[in-house]
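Just dropping this structure here.
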Amino acid sequence: MIPSVPPPGPSAVPAYAAVIRDFVNLRNIRDQRELLSGPEDLVEWLADHLGTPRRLELPPADFLVALGIREGLRDALERHSGEKRVDEGRVDGQRGDAGCMGGDRTIEGRVGEGRVGEACVGEGRAGGEFADEAALRLDEDLARIPLRLSMAGADGGMRLVAADDAPLTLALAPLLDAVRRCGESRVWRRLRICDRSGCRRAYYDGSRGLTRRWCPTGGCGNKVKMRRAYVVRKSLADQDTRQDWDAWGN
């Protein structure tokens, strides 16, 4: 019987998984930095990392579709953990100060007026419904990129290649083939999104039981734990103060 989760391999991340992780992280939500300012930046990045043609002329509308696919992939990776993101300031089910939590959902990468925006939407709806909506949006964007199976690779293996000469198809076909390879090699579920609210960086979980929750950069795990400990101490201190006032009043 083939296990659903592969055993941990070498410490190095497979190249086809690393390129998906790095593509998603071209938008740094934690630091509010977008590394793709226009179609030229995307074409250059894809050429450097996947060998796509450097002379592609990607229209602005196609660039926005590519950004939508990137954020759709982020949503897909986030579902791998099967849990909601961690709110640093929430204790005992109370909402803290970290933004969209619980029934709310932060949707990064909403395309409008030529910019990538951010909004909290869907208040009070279940996480499964958000997952369905995100998957449908991603499917709609992926439908714009016709691919075909090719057996003409140098190693004799199969791969997905562009089925037409449209710039968007030529640009993203190798990236989507990397997604296929992640699924084929059973490492797709090892690509995850940091559980710290406000971070949402993609990372590769190489642990045996898929137990990592935070990205390895920025000390997210330590910050969450420290924030939680502070909130607990403050809550206990406030409780002691109330008890002292009640005792003094009696």
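The values are calculated or read from the model by the stated rules, or taken from the named source; none is laboratory data. Quick caveat, the model's predicted, so the values are computed rather than measured. All Cβ positions, even for glycine, are placed from backbone atoms using ideal geometry, and neighbour counts span all protein chains on display.
List the strands (runs of 3 or more DSSP E) that sit entirely inside the stretch 125-235 and contain at least 2 residues that are at pLDDT 90 or above and either touching a helix residue (DSSP H, G or I) at 6+ places or on another chain (Cβ under 6 Å) or crowded, with 18+ Cβ neighbours inside 10 Å (or both).
Answer list for the stretch 125-235: 159-162, 191-193, 202-204.
In the stretch 1-26, what residues are assigned to a loop (DSSP other than H, G, I, E, B), at pLDDT 80 or above, out of contact with any strand residue (DSSP E or B) (no Cβ under 7 Å at 6 or more places or on another chain) and not hydrophobic (A, V, I, L, M, F, W, C)?
If the condition is that a residue be assigned to a loop (DSSP other than H, G, I, E, B), at pLDDT 80 or above, out of contact with any strand residue (DSSP E or B) (no Cβ under 7 Å at 6 or more places or on another chain) and not hydrophobic (A, V, I, L, M, F, W, C), then Pro14 is the only one that fits.
What pairs can you find where one residue is in the stretch 47-75 and touching a residue at least 60 places away in the same chain (Cβ under 8 Å), the other is assigned to a helix (DSSP H, G or I) and among the aromatic types (Phe, Trp, Tyr), and their Cβ atoms are less than 6 Å apart, with a gap of 6+ or different chains?
Within 6 Å, no pair qualifies.
Next question, about the same structure. Go through the stretch 27-36 and report how many residues are at pLDDT 95 or above and part of a loop (DSSP other than H, G, I, E, B).
2
Of all residues in the stretch 28-65, how many are touching a Phe, Trp or Tyr at 6+ places or on another chain (Cβ under 6 Å) and either charged (D, E, K, R) or farther than 18 Å from Ala162 by Cβ (or both)?
Within the stretch 28-65, residues that are touching a Phe, Trp or Tyr at 6+ places or on another chain (Cβ under 6 Å) and either charged (D, E, K, R) or farther than 18 Å from Ala162 by Cβ (or both) number 0.
Still on this model: Would you check which residues across the stretch 57-86 are assigned to a loop (DSSP other than H, G, I, E, B) and closer than 20 Å to Val179 by Cβ and list them?
Of everything in the stretch 57-86, those that are assigned to a loop (DSSP other than H, G, I, E, B) and closer than 20 Å to Val179 by Cβ turn out to be Leu58, Gly82.
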